[in-house]
Amino acid sequence: MDINFPLVLVALVAVTGLVTLLDRVKLAPARRARAMSQCQQNGQAALVNETVLEEMSREPSWVETCRSVFPVLLAVLVLRSFLYEPFQIPSGSMKPTLEIGDFILVNKFNYGIRLPVLDTKIIDIGEPERGDVMVFREPRDPSVNFIKRVIGLPGDRIRYQGKTVLVNGEPLSKRFVARFSQSGIPFSIMEETHGEHQYTTREDITPPDPRTQKEWVVPAGHYFMMGDNRDHSNDSRYWGFVPEENIVGQAVAIWMHWPQWGELPSFKNNGSIR
């Protein structure tokens, strides 16, 4: 069962925050008044001091827990919703730029400030640019996050011809870097330039998938996304465009590599994402 973590986090912040506020304005004063009354009834008024009152009016454990975790949960919510959110790369669709097991940081404010859970943009800051690596909710199943590269902006005409990407009739500049083989299939590493980004892509030395040999015009408010592992990426060539409201943020850095349990994490891939 999929868990909506942002919704759970917002709910926890709301509950612990309300308990903290209620304790400050009502529950704590009531406990203190009861403690003072009890001391006076027992004839101990002369012995009453702040230490005794604090001890007698101490909050229940559930209130103490809420009060303790509220600032931590609030900090996590603000950081995750408006600043940076961590993700782990689950597939090889972005090889060689991103490897399976890379842990990345996603900038949540470059493309505008959005409300958590609702994902409604409330402050415009910037828009995706050609060549950005972007995390977004998959259009057919918004519960799944995808990461691909922005190839087409609203209004762009995109064509995939052979293994070459054309944007508005102009092929993206690329040059051969190296050739390798995996599972008996040779592939090439190419260096591609798109906008201000220069990055590497992977192309199998095989005929192109005929389903990808098309031309698309990106509609308003949408983006055309492709993986850097061009022959092993489930992207806009197969299912269409990403609406603006599905954007999560811009992938900006790798901070750890940990492919699976049982292996030690490493920092070999650390650095900014081109």
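Modelled spin-label separation between Ile205 and Ser272, with each label point placed 7 Å from Cα along the Cα-to-Cβ direction: 3.5 nm.
In a fully extended conformation the segment linking Gln213 and Glu127 would gain 28.2 nm over its present Cα-Cα distance, using 0.36 nm per residue. For the chain, the mean projected area of the C-alpha convex hull, equal to one quarter of the hull surface, is 20.3 nm².
About its Cα centre, the dipole of the stretch 89-272 is roughly 300 debye, where the only charges are +1 on Lys and Arg Cβ and -1 on Asp and Glu Cβ.
Electrostatic tally near His257: other residues with Cβ closer than 11 Å to its Cβ, Lys and Arg +1, Asp and Glu -1, net -2.
Pairs spanning more than 30 Å between alpha-carbon atoms, out of Lys214/Lys268; Lys121/Lys163; Lys108/Lys214; Lys26/Lys121; Lys148/Lys174: Lys214/Lys268; Lys121/Lys163; Lys108/Lys214; Lys26/Lys121. Figure the gain on full extension for Ile189 and Ala253 (residue separation times 0.36 nm, minus the Cα-Cα span) and round it to one decimal in nm. The span from Ile189 to Ala253 would gain 20.9 nm if fully extended.
Each Cα pair of the stretch 179-254 feeds into the Kirkwood radius, which the Stokes-Einstein equation turns, at 25 °C and 0.890 mPa s, into a diffusion coefficient of 169 µm²/s. Computed from label points 7 Å out along Cα-Cβ, the spacing between Ala14 and Asn168 is 4.4 nm. If the chain linking Ile113 and His232 were pulled fully straight, counting 0.36 nm for each residue of separation and taking away their Cα-Cα distance, it would gain 39.6 nm.
FYI, it's all coordinate maths here, none of it is from the lab. As the structure is a prediction and not an experimental result, all values here were calculated from the model. Cβ: placed from backbone, ideal geometry, glycine included. Neighbour counts: every protein chain shown.
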